[in-house]
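Okay, structure first, notes after.
The values are calculated or read from the model by the stated rules, or taken from the named source; none is laboratory data. Small disclaimer: the values here were computed from a predicted structure and weren't measured. Counting neighbours? That spans all protein chains shown, and the Cβs are built from the backbone with ideal geometry, glycine included. Surface areas here come from the heavy atoms of the whole protein model, side chains and all, with no ligands, DNA or RNA. Shrake-Rupley method; radii C 1.70, N 1.55, O 1.52, S 1.80 Å.
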Amino acid sequence: MITVDGPTERRTARIQYVLVALAAAGLLWFTVEDKRLYLMLVPATLLIVGYRSWNVERLSPTLAQYYGHAVVAGAADRIVRQFAVNDHLCEHWTSAGAPTSRLLAAHPGQLAAGMAALRAAGPPPRPMKPAVRATNRTVAAALGVTLGLLIGSAPGWTPVLLIALVVLVVFRVVVAGYNRSRLAVITGAMRTNTKAELTALLDPPWTDRRIAVVQELRRMFDPLPQGRRLPELRMIELLLGGGALAGALAGSAF
């Protein structure tokens, strides 16, 4: 089993926050000549970085959900094969809520189609009430515009946003590559050590993962949306970035 737990999840979020905050503060230091303006920009930047990190924690699937999605979307066929030859595992996973009867009755083509549909749909999104979603988006846009107005009031603000865009893209690429590599290892472990992984998941420390795997096994038989919708976190990031650009353009006009 690959150990990923609640403390690890929180620690990773904090490390990402510190890295982004330091990068933003350093970027501003070398691009903003007026240090009085710098002292105004840093708290606003840290607030926005903190707001994004808060959204990452609350809008992204949990690590357990990422785990469940990875192993089912990438190794459901191996899981079903173990259920077919191991009555002990099949019985315990049935007790845990897995739809073992439907899985065992499905032919290989259905399993392959279900796995492909899961990969296309991505991990399950976190539920959010429409009013909360609208409020969150409004706050994101307002924070972005506020930061943009401060940046736009500084001479030569264009390089600041351009460098910030490069830093953001590089950060995104690095994090995405790291996440893909970790998920590939998780999927590979389930495909090559299926019996051991399924047995380990029955232990109490892995309850969250077991629940996530069961949910994903059930999702294989649910009608899934065609293609991925824009995740809410990406919408928040676009509103923050778009608001900052709009605010900078407005601030530079005065």
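General observations
- You can think of it this way: the chain between Arg81 and Phe221 has 48.7 nm of extra reach, that is 0.36 nm per residue less the Cα-Cα gap.
- In summary, segment 62-103 shows an alpha-carbon radius of gyration equal to 1.18 times the 2.2 N^0.38 Å reference for compact globular proteins.
- A simple spin-label model places pseudo-atoms 7 Å from Cα toward Cβ; at Thr199 and Arg11 they are separated by 2.8 nm.
- Segment Met128-Gln110, length gained on full extension (0.36 nm per residue, minus Cα span): 3.4 nm
- Bins of 5 Å, starting at 0 and running to the largest distance - Cα pair percent for segment 101-226: 2, 8, 9, 13, 15, 13, 11, 9, 8, 6, 4, 2, 1, 0
- Cα radius of gyration and Dmax for the chain (Å): 22.4, 74
- Solvent exposure of segment 115-161 as accessible area per residue, Å², 1.4 Å probe: 52
- Cα-centre dipole for the chain with unit charges at Cβ (Lys and Arg positive, Asp and Glu negative), debye to 20: 220
- When the residues Ser252, Ser60 are ordered by accessible surface, computed with a 1.4 Å probe over the protein chains alone, the sequence from largest down reads Ser252, Ser60.
- Split the chain at each of the trypsin sites (Lys or Arg not before Pro) in a DSSP loop with at most 14 other beta carbon atoms within 10 Å, and the longest piece is 1-227.
- Overall Cα dimensions of segment 9-143, principal axis frame, Å, largest first: 70, 31, 26
- The C-alpha atoms of the chain define a longest principal axis, and helix 108-121 lies at about 20 degrees to it.
- Förster radius 45 Å - calculated FRET efficiency between Ser101 and Leu19 (Cβ-Cβ, nearest 0.05): 0.45
- Sulfur and carbon atoms: percent of accessible area, segment 130-254 [1.4 Å]: 69
- The accessible area of Phe171, taken with all protein chains in place and a 1.4 Å probe, comes to roughly 50 Å².
- Angle between the chain longest axis and helix 6-31 axis [Cα atoms, degrees, rounded to 10]: 20
- Between 0 and 90 degrees, the angle of helix 207-219 with respect to the longest Cα principal axis of the chain falls at about 80 degrees.
- Between Leu165 and Leu39, the contour length at 0.36 nm per residue exceeds the alpha carbon distance by 43.2 nm.
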